[in-house]
Amino acid sequence: MDETAPIQALELDSGMAVRGTVTVPGDKSISHRALLLAARAEGTSTLRGLSPGQDVTRTRGAVEAMGAEVEGQRVTGGVGRLHEPQGVLDVGNSGTSIRLLAGFCAPLPWLTVLQGDDSVANRPMDRVTVPLRTMGALVDGRQGGRLPPLVVRGASLTGIDFTPPVASAQVKSCVLLAGLGAKGETVVREPVATRAHTEELLAACGADIRVQRVGSARVVRLRESSLTPFEIDVPGDPSQAAFWVVAACITPGSEMVIEDVYLGPGRTGFIDVLQRMGADLEVEVTGESTAGRRGRIRARHRPLSATEVGGHEVPGLIDEIPVLAVAAAVANGVTTFRDASELRVKESDRVTTMASELGAMGARVEPLQDGFVVAGSGGAPLQGATVCSHGDHRVAMALAVAALVADGATRVEGWDAVASSYPGFAEELQACVS
Ligand code: S3P
């Protein structure tokens, strides 16, 4: 057997506390953007602490195929050294890669073909192809541009004034990356602000960008720019920290410290939700850098009570809903998750997959069109079961957290999906359980 192959199924015993200090992988969203902007920046950038997951490896492969040189932490790029990729760019399971690369390639004078795995092949792309075409891009895909593969023929672009129809940082970022090579001003108006990494990094590499915040809305204005190289220490991924935080919150006797986590806008909504549920959390900001605010989270066990999750807070915690559903499953009372129909178009349909798999562990989860209702057990254990990731890393990791509060052993099949974002999670979890 190949010892380096990812584990196909994770087996966990019942009723365990988690204790320890962990550093989670570098933030996935920041890592994608850092690689793309370094590829466009004129010179050598230094990127420390990139996510080790397969998704970011796909973005790295794509920029290398277009002529960026990646050697350890150093990435040498520049518009003049980039060229047409020889083959199809395969993004694997990474929706962020395909949507951001579509915008990145739209103003570059060559043909790019972007394809992904079976999950990506069914994820909506019209949300990026429609605004790109309005900018003058020549982009197409299956079903008239609604689904991958995507074919992008570089063209002369003009900036647009665009209000995304869905709250999506990928859509915003796609349009801004295209705007880097578009005539005039590109404006993205977000009625509800999403994660700000693209804006933060564009500012760090000298782009002509202005950001205005009005309440929950944000307006980003960008002009055609050439980028200067930059240095970044990618902070830990809050979406990965969330698994440790919930694990500590729900298992008696637990205490976890998660070091050096990104704590900037649009990513910490799960902390607010857990605090509303009565969780024992301490959050300490330790610094501010190219990549934004960062700090430490300490989480201890304490019984949780139900809450309502919905409205404007949803874009800031959409990726954490699977593990928040686990917290809700053992809380006191009934928790509702609404306004989250985006869950249905992630790596799996997370409404359906979380309802069926948590249901198999004895949780009471009623699916809704735009979320679910979770009737908490009031601290009573779930039941160990054989459950399935459905090829979705966040579903797999959420189920591993649920296993910690289950009576009897749990087997999570399809564990290899976790390699897309957190290859070492199983080993680190096993080292922290007692
Ligand atoms: C991401 C944005 C979010 C998130 C995804 C990463 C990003 O997707 O769910 O995991 O890096 O921009 P949407 O833009 O579809 O909301």
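The values are calculated or read from the model by the stated rules, or taken from the named source; none is laboratory data. Since we're looking at a predicted model, the values are computed, not measured. Ideal geometry is used to build each Cβ from the backbone, glycine not excepted, and the neighbour counts take in all protein chains shown.
Please enumerate the residues belonging to segment 221-241 that are of a type in the set (A, V, I, L, M) and within 20 Å of GLY103 (Cα to Cα).
LEU222, LEU227
Please find, among GLY378, GLY362, the residue that is modelled with pLDDT of 95 or more, assigned to a loop (DSSP other than H, G, I, E, B), away from the ligand (no atom under 16 Å from the Cβ) and surrounded by fewer than 16 Cβ atoms within 10 Å (Cβ to Cβ).
On the way: GLY362 fails: surrounded by fewer than 16 Cβ atoms within 10 Å (Cβ to Cβ).
None of the others qualify; the one that does is GLY378.
Could you identify the single residue in ALA248, ALA204 that is more than 26 Å from LEU108 (Cβ to Cβ), in contact with a Ser or Thr (Cβ under 8 Å, 6 or more places away or on another chain) and either modelled with pLDDT of 95 or more or crowded, with 22+ Cβ neighbours inside 10 Å (or both)?
Numbers: ALA204 fails: more than 26 Å from LEU108 (Cβ to Cβ).
Selected residue: ALA248, the only one of ALA248, ALA204 that is more than 26 Å from LEU108 (Cβ to Cβ), in contact with a Ser or Thr (Cβ under 8 Å, 6 or more places away or on another chain) and either modelled with pLDDT of 95 or more or crowded, with 22+ Cβ neighbours inside 10 Å (or both).
Listed here are the residues, each with its yes/no results for (1) part of a strand (DSSP E or B); (2) assigned by TED's automatic domain parsing to the domain that holds GLY49; (3) not polar (S, T, N, Q).
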| position | (1), (2), (3) |
| --- | --- |
| ARG189 | yes, yes, yes |
| ALA203 | no, yes, yes |
| ARG210 | yes, yes, yes |
| VAL220 | yes, yes, yes |
| ALA241 | no, no, yes |
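Tell me the helices (runs of 4 or more DSSP H) entirely within segment 88-175 that contain at least 1 residues that are among the aliphatic types (A, V, I, L, M). Walk me through how you get there before you give the answer.
On the way: elements: 95-105, 126-134, 142-145.
Output list reads 95-105, 126-134.
Of all residues in segment 84-96 being among the hydrophobic types (A, V, I, L, M, F, W, C) and free of Cβ contacts under 8 Å to residues at least 60 places away in the same chain, which is nearest to the ligand (Cβ to nearest atom)? So that I can check it myself, show each step before the final result.
Filtering segment 84-96 down to residues among the hydrophobic types (A, V, I, L, M, F, W, C) leaves 88-89, 91.
Retained after the next criterion (residues that are free of Cβ contacts under 8 Å to residues at least 60 places away in the same chain): 89, 91.
On the way: LEU89: 17, VAL91: 13 Å.
The residue in question is VAL91.
List every residue pair whose Cβ atoms sit under 7 Å apart, with the two residues 6 or more apart in sequence or on different chains, where the first one lies in segment 326-352 and is closer than 29 Å to VAL120 by Cβ and the second, anywhere, is more than 11 Å from the ligand (Cβ to nearest atom) and among the basic types (Lys, Arg).
So the pair list comes out as VAL351/ARG344.
Taking segment 51-93, which residues are out of contact with any strand residue (DSSP E or B) (no Cβ under 7 Å at 6 or more places or on another chain), of a type in the set (S, T, N, Q) and farther than 19 Å from GLY236 by Cα?
Of everything in segment 51-93, those that are out of contact with any strand residue (DSSP E or B) (no Cβ under 7 Å at 6 or more places or on another chain), of a type in the set (S, T, N, Q) and farther than 19 Å from GLY236 by Cα turn out to be GLN86, ASN93.
Taking the residues in segment 153-170 that are under 22 Å from PRO109 (Cα atoms) and out of contact with any Phe, Trp or Tyr (no Cβ under 9 Å at 6 or more places or on another chain) as candidates, determine which candidate is farthest from the ligand (Cβ to nearest atom).
Ranking the candidates gives SER156 first.
Among (1) under 16 Å from LEU36 (Cβ atoms); (2) without any contact (Cβ under 8 Å) to a residue 60 or more places away in the chain, where does ARG99 come up short?
Answer for ARG99: the failing condition is (2).
Every residue in segment 292-316 that is hydrophobic (A, V, I, L, M, F, W, C), surrounded by fewer than 24 Cβ atoms within 10 Å (Cβ to Cβ) and within 16 Å of the ligand (Cβ to nearest atom), please.
VAL314
Tell me which strands (runs of 3 or more DSSP E) are completely within segment 1-49 and hold 1 or more residues being at pLDDT 95 or above, or say none if there are none.
Working: elements: 9-12, 19-23, 43-48.
Because the criterion is at least 1 residues that are at pLDDT 95 or above, the strands (runs of 3 or more DSSP E) in segment 1-49 that meet it are 19-23, 43-48.
Restricting attention to segment 38-52, and to residues there that are more than 11 Å from the ligand (Cβ to nearest atom) and farther than 13 Å from GLU69 by Cα, which single residue is surrounded by the most Cβ atoms within 10 Å (Cβ to Cβ)?
First pass over segment 38-52, keeping only residues more than 11 Å from the ligand (Cβ to nearest atom): 38-50, 52.
Pick out the ones that are also farther than 13 Å from GLU69 by Cα and you get 48-50, 52.
Values: ARG48: 12, GLY49: 20, LEU50: 24, PRO52: 16.
By that ranking, first place goes to LEU50.
Of all residues in segment 410-431, count the ones that are closer than 28 Å to GLY379 by Cβ and touching a helix residue (DSSP H, G or I) at 6+ places or on another chain (Cβ under 8 Å).
Of segment 410-431, the ones closer than 28 Å to GLY379 by Cβ are 410-413, 415, 418, 422, 425-426, 428-431.
Narrowing the set further to residues that are touching a helix residue (DSSP H, G or I) at 6+ places or on another chain (Cβ under 8 Å) leaves 410, 412, 415, 418, 422, 425-426, 429.
So the count comes out to 8.
Taking the condition of being out of contact with any helix residue (DSSP H, G or I) (no Cβ under 6 Å at 6 or more places or on another chain) and surrounded by fewer than 24 Cβ atoms within 10 Å (Cβ to Cβ), how many residues in segment 325-347 meet it?
8
Please name all residue pairs, on different chains or six or more residues apart, with Cβ atoms under 6 Å, provided the first residue is in segment 412-434 and is modelled with pLDDT of 95 or more and the second residue is among the hydroxyl-bearing types (Ser, Thr, Tyr) and buried (at least 19 other Cβ atoms within 10 Å of the Cβ).
These pairs meet every condition: GLY414/SER389; ALA417/SER389.
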